[in-house]
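Trainee: Once you've had a glance at the structure underneath, I'll fire off some questions.
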Amino acid sequence: APPPAAPASPISMRDVQALVLAGGPDEGNPLTKTDTRGALRFAATYRLIDFPLANCINSKMKRIFVLTQWNSHSLNTHVQAAYPPEVFGFGISNAGWVDVLPSFQSPDEKGWSSGSADCVRRHLQAGSLKGRSADPEPLAYIILSGEALYRMDYNDLLRTHNDTGADVTIATCRRRLGDVDATNLGICSVSEEDTAVYGFREKPTLDELKRMAVGPEAESRLEDCEVTVNMGVYIFSKKAMKDLVNVIECVDDGNSIDFGKHIIPMALGQGFSVHAHPHEGYWQPVRNLNEWYHANMGLCAPRTSLGGGLGRAANSAASLIDPEYPIFTVPRCLPPAAFRGATYSSGSIVSEGVVVGEGCTIVDSIVGPCVVLGARCDLKETIVIGHPEFAYLHGDSVPDVGAGCVLKNVVVDADVLIGEGCVLTNAGGVQESEVVDANGHGYIIKSGIITLLRGTQLAPGTII
C-alpha cells in the first residue's frame with residue numbers, strides 16, 4: 001500500500017497522550033522480587049521511571065499516564081509523591097498531570113494483562129486513555145518503556161512523525177554489533193533513501209543479523225557492522241492505535257502481545273507507514289541485573305572537560321545527570337552526609353543522610369540515602385540501596401555495614417544488616433548461585449554479582 005500523505009495540520013504536543021509502561025515480571029533480576037523494574041533505584045536518588053518521565057516533562061508534554069502491571073505498590077507511591085501538577089509549572093497554560101493506571105480484570109477477561117501491547121489494549125478499550133474530562137481526545141500516542149535510560153526531546157520525535165506522515169514512528173539508534181547483544185533486541189531495516197522501515201525482527205537469529213547488518217565495507221567482519229536498534233519508544237497515530245491495537249479482542253492464557261514482537265511486524269505486514277527517528281547519544285535498556293548494575297557503575301566514570309567546563313562523556317550513563325536537564329523525583333528533607341574521621345573515596349556517589357565511619361575506603365561505589373557504614377569498611381564497585389529515612393532501622397549507633405567489612409561487586413538491597421568483619425567478594429568467581437530461606441532472605445549471585453535480598457541479616461564474619 002502506498003504511504004499516506006502527510007497530514008495538512010501537523011499534530012502538536014498538546015494533542016499527544018504519553019503512555020509510560022512500567023513493565024512486567026523479570027525473573028533475571030533479584031531486585032524485582034519486590035519492585036517492578038521501573039521502580040528500581042538509579043544514581044542512589046532516582047528511580048528508573050524518573051528518566052522517561054523527565055523526557056516527557058522537559059519536552060513540554062502535559063498529559064502522561066503510567067501503566068503498571070507487576071509489583072507496582074512502590075512505583076505507585078513514588079509517582080504520586082514525585083509528580084504533583086507543580087512540576088509542569090504554574091498557570092493555566094502550564095497545567096499538566098501524571099496519573100497511574102493499574103492493571104485490571106474485567107467480567108470478560110478475568111486474567112491480568114499479558115505483554116506491553118495487551119496492557120495498552122485493555123486501557124484503550126476501557127476508555128481510560130482519553131485523558132481527563134477537560135482534555136480533547138488525543139490525536140496520537142507516544143508509548144515509552146519505563147525502564148530505559150536515555151535523554152530525548154520528544155518534540156524531535158514528533159517532528160519526524162509529522163514530516164513523514166507516518167502511522168507509526170519508532171525511535172532508533174545505531175549500534176555496532178560487537179558492542180551489543182543484538183539477539184536480545186529489536187532490529188529494524190531502514191531505507192537509506194529516507195527513514196522508512198521496511199523490515200523488523202525481534203530477537204533476531206545470527207543468520208537474520210547477517211542480512212540486516214550494514215558494514216562500512218563489503219568484506220567487513222560481522223562484529224564491525226552496525227544495526228538499527230528499536231529503542232522501545234513509539235508514536236502511534238490515532239488510526240494506527242484503532243486498527244492495530246484496538247482490534248485485538250482478547251489474549252488467551254499463556255500468551256502475550258508486545259509492541260516489538262507483534263504490533264510492529266503487524267503494522268509492516270498490513271501496509272502501514274512506519275518510519276524511524278534516529279537518536280544520537282546514550283541509550284541503555286535495563287532488562288536484567290547486569291544492565292542495571294553496569295549502568296549505575298557508569299555514573300562513577302571520571303568527568304571529562306568539555307568546552308572549558310566539567311561535563312560527562314556523551315555515551316555514558318553519567319551524561320544523564322545534567323543541571324540544565326532536570327530529573328524529577330521525590331524531594332527528601334535529609335541531613336548531609338557525615339564522615340567520622342579520615343576516609344578515602346574515589347569515583348563514588350555518597351548520598352544525603354549517610355554516615356561513614358573512620359578509616360573507610362569507598363571506590364567506584366554508590367551509597368544510597370541514610371546508610372551507616374562502620375569503621376574501616378572497604379567498598380569497591382558496590383551499590384548500597386539505602387533507606388527512605390534517617391536512622392531508619394536502628395539509629396546511627398549500629399551500622400548497616402559492620403566495622404571491617406569488605407564488599408566487592410555487591411548489591412545491598414534495602415533493610416539489610418551486615419555484621420562486623422564480613423567478606424563479600426565472591427573470590428571463587430561463582431557466576432550463578434542462590435541461597436535463600438523460606439522468608440525470602442539470603443543472597444543470589446547473578447553474572448558474578450552478589451545481591452543481598454531485602455531484609456537479610458548476615459552474621460559477623462560471614463564470607464561469600
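Just so it is clear, none of the values below were taken in a lab; they were calculated from the coordinates. All of these numbers come straight from a predicted model, not from anything done at the bench. As a convention, Cβ positions derive from the backbone with ideal geometry for all residues, glycine included, and neighbour counts pool all protein chains shown.
Trainee: So if each residue of separation counts as 0.36 nm, and I subtract the Cα-Cα distance between TYR325 and SER74, what length gain in nm does that give?
Mentor: Separation in residues times 0.36 nm, less the Cα-Cα distance, equals 87.8 nm.
Trainee: Tell me the label-point distance for the pair VAL180, SER220, using the 7 Å Cα-to-Cβ offset, in nm and rounded to one decimal.
Mentor: 1.4
Trainee: Can you give the percent of C-alpha pairs in the range 163-312 whose distance is more than 20 Å?
Mentor: Of the Cα pairs, 57 percent sit more than 20 Å apart.
Trainee: Would any residue of the range 27-71 have its amide N under 17 Å from a label point 7 Å out along Cα→Cβ of GLN105? List them or say none.
Mentor: Flagged as within label range: 69-71.
Trainee: Normalised by the empirical 2.2 N^0.38 Å for globular proteins, what value does the Cα Rg of the range 338-458 take?
Mentor: 0.98
Trainee: Full-extension gain between ALA95 and THR34, please, as 0.36 nm times their residue separation minus the C-alpha to C-alpha distance.
Mentor: Taking ALA95 through THR34 to full extension adds about 18.6 nm, to one decimal.
Trainee: Label point 7 Å out from VAL363 along Cα-to-Cβ: which residues of the range 422-440 have amide N under 15 Å?
Mentor: Correct set: 425.
Trainee: Output the DSSP H helices from the chain with an along-axis C-alpha extent of no less than 20 Å and a mean Kyte-Doolittle hydropathy no less than -1.0.
Mentor: none
Trainee: Let me ask something else about it. Net charge around ARG201, counting only other residues with Cβ within less than 13 Å of its Cβ (Lys, Arg = +1; Asp, Glu = -1)?
Mentor: Result for the neighbourhood of ARG201: +1.
Trainee: Which far-off residues, 5 or more places away or on another chain, put their amide H under 5 Å from the one on THR343, with H placed in the peptide plane?
Mentor: Distant-sequence amide H within range of THR343: GLY359.
Trainee: For the chain, report the convex hull volume of the alpha-carbon atoms normalised per residue, in Å³, without decimals. Kindly include the intermediate steps, with their values, before the conclusion.
Mentor: Details: hull volume 82.6 nm³, N = 464.
Cα convex hull per residue, to the nearest whole number: 178 Å³.
Trainee: Under 16 Å Cα to Cα from LYS238, which lysines show up? Leave out anything in the same chain fewer than 8 places away.
Mentor: Candidates past the 8-residue exclusion: LYS130.
Trainee: Next question, about the same structure. Nearest 5 is fine: what % of DSSP beta bridges in the range 338-458 come out antiparallel, could you say? Mind dumping the intermediate values first?
Mentor: Details: 9 of 38 bridges.
Of all bridge pairs located within the range 338-458, approximately 25 percent are antiparallel.
Trainee: Additional query: What are the lysines whose alpha-carbon lies under 30 Å from the alpha-carbon of LYS380, with same-chain residues fewer than 8 places away excluded?
Mentor: LYS33, LYS408, LYS446
Trainee: Out of the DSSP beta bridges found with both residues in the range 16-300, what percent are antiparallel (nearest 5)?
Mentor: 55
Trainee: Let me ask something additional. On average over all directions, what projected area in square nanometres does the range 231-280 have, based on the convex hull of its Cα atoms?
Mentor: Projected over every direction and averaged, the Cα hull of the range 231-280 covers 4.2 nm².
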